[in-house]
Amino acid sequence: GAVVSQHPSRVICKSGTSVKIECRSLDFQATTMFWYRQFPKKSLMLMATSNEGSKATYEQGVEKDKFLINHASLTLSTLTVTSAHPEDSSFYICSAEFTYNEQFFGPGTRLTVL
Amino acid sequence: QKEVEQNSGPLSVPEGAIASLNCTYSDRGSQSFFWYRQYSGKSPELIMSIYSNGDKEDGRFTAQLNKASQYVSLLIRDSQPSDSATYLCAVIPQGGSEKLVFGKGTKLTVNP
């Protein structure tokens with residue numbers, strides 16, 4: 001299968017700071033990447049769809065000014081959580097679309113905001 | 001609202017048995033169907049994709065799709081304790097979007 005990496009795997013930050021999470025497709029080019037968040041024992045929630053070279057499409061209820069997404073190349077998408085607060089603490093996972101609509105997920109980033 | 005339904009379980013089977021996981025979906029025009037495995041605290045891992053009616057086998061896993069009944073299943077043969085995880089059914093509904101619609105997942109426990 002295709003390999004997707006995320007960095008960092010874990011981050012702890014103070015309230016009010018911004019955190020950037022990188023998502024890379026390592027062995028394929030991904031025109032489309034997706035960002036999800038998952039709270040403990042809850043389902044995956046799609047936050048946004050990221051297309052290379054264009055603006056991200058956000059799901060209803062997701063603040064685009066708070067969760068900035070940049071898909072600058074065919075192998076890299078970034079999610080920046082701006083002015084993070086404790087309620088933003090979650091497991092953030094990206095995925096990249098390979099062939100035939102298959103999405104491969106990165107290992108996730110666990111964000112804790114103090 | 002396009003939905004994917006799964007029995008939340010938990011489903012418990014003895015080691016060596018066949019585990020059967022089921023999923024129904026509401027959008028009749030859906031064309032792409034996936035099974036993901038998610039271990040606790042980890043991200044989902046794609047284990048099967050299926051696009052046409054019938055069975056698709058990969059090792060100990062068999063996915064079955066019946067579009068007329070809007071039903072997709074996953075069979076795990078010779079279940080192992082390492083198969084204990086939450087299994088997520090995901091569908092891409094008709095409409096041109098590549099977005100996955102996930103079921104809530106079935107938690108499987110394989111008892112040694």
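The values are calculated or read from the model by the stated rules, or taken from the named source; none is laboratory data. Computed from a prediction, not measured in an experiment: that's the story for all the values here. Reconstructed Cβ throughout: ideal geometry from the backbone, glycine too, with neighbour counts over all protein chains shown.
Structural remarks
- Taken over the stretch B:33-45, residues that are surrounded by fewer than 17 Cβ atoms within 10 Å (Cβ to Cβ) and facing another protein chain (nearest Cβ under 10 Å) amount to 4.
- Residues being within 13 Å of B:Ile92 (Cα to Cα) and touching a Gly at 6+ places or on another chain (Cβ under 7 Å) - total across the stretch B:1-55: 1
- Taking the stretch B:88-103 as the range and being within 21 Å of B:Asn66 (Cβ to Cβ) and either free of Cβ contacts under 8 Å to residues at least 24 places away in the same chain or within 11 Å of the chain's Cα centre (by Cα) (or both) as the test, the residues that pass are B:Leu88, B:Cys89, B:Ala90, B:Val91, B:Phe102, B:Gly103.
- Here A:Tyr36 meets each of (1) of a type in the set (Ser, Thr, Tyr); (2) in a strand (DSSP E or B); (3) surrounded by fewer than 13 Cβ atoms within 10 Å (Cβ to Cβ) with one exception, condition (3).
- For the stretch B:6-29, filtered to residues that are touching a Lys or Arg at 6+ places or on another chain (Cβ under 8 Å) and either among the charged types (D, E, K, R) or not in a strand (DSSP E or B) (or both), the residue that is surrounded by the most Cβ atoms within 10 Å (Cβ to Cβ) is B:Asp27.
- In the stretch B:46-64, the residue that is nearest to B:Ala85 (Cα to Cα) out of those that are within 14 Å of chain A (Cβ to nearest Cβ) and of a type in the set (Ser, Thr, Tyr) is B:Ser49.
- Any hit, the stretch A:58-68, residues being assigned to a strand (DSSP E or B) and more than 14 Å from chain B (Cβ to nearest Cβ): yes
- Within the stretch A:24-38, residues that are closer than 13 Å to A:Glu102 by Cβ and within 11 Å of another protein chain (Cβ to nearest Cβ) reach no partner that is of a type in the set (D, E, K, R) and crowded, with 24+ Cβ neighbours inside 10 Å with beta carbons closer than 9 Å at six or more positions or on different chains.
- Candidates B:Gln94, B:Gln70 - the one that is out of contact with any strand residue (DSSP E or B) (no Cβ under 9 Å at 6 or more places or on another chain) and either of a type outside the set (Asp, Glu) or closer than 25 Å to A:Pro40 by Cα (or both): B:Gln94
- First in the stretch A:58-82 and in contact (Cβ under 8 Å) with a residue 40 or more places away in the chain, second anywhere and hydrophobic (A, V, I, L, M, F, W, C) and surrounded by fewer than 15 Cβ atoms within 10 Å (Cβ to Cβ), Cβ under 8 Å, 6 or more apart: A:Thr75/A:Leu26; A:Thr78/A:Ala72
- So A:Ser77, is it more than 11 Å from the chain's Cα centre (by Cα) and polar (S, T, N, Q): no
- Taking each residue of the stretch A:88-114 that is among the basic types (Lys, Arg) and looking for partners that are in a loop (DSSP other than H, G, I, E, B) and surrounded by fewer than 21 Cβ atoms within 10 Å (Cβ to Cβ) with beta-carbon atoms closer than 8 Å, six or more apart or interchain, yields A:Arg110/A:Ser9.
- The set of residues from the stretch B:5-32 being modelled with pLDDT under 95, away from chain A (no Cβ under 14 Å) and within 21 Å of B:Asn111 (Cβ to Cβ) comprises just one member, B:Asn7.
- Extreme residue, farthest from the other protein chains (Cβ to nearest Cβ), among residues of the stretch A:69-114 that are touching a Pro at 6+ places or on another chain (Cβ under 8 Å) and farther than 17 Å from A:Met45 by Cα: A:Leu114
- Among the candidates A:Ala48, A:Ala96, A:Ala72, the residue that is exposed (fewer than 15 other Cβ atoms within 10 Å of the Cβ) and either β-branched (Val, Ile, Thr) or in a strand (DSSP E or B) (or both) is uniquely A:Ala72.
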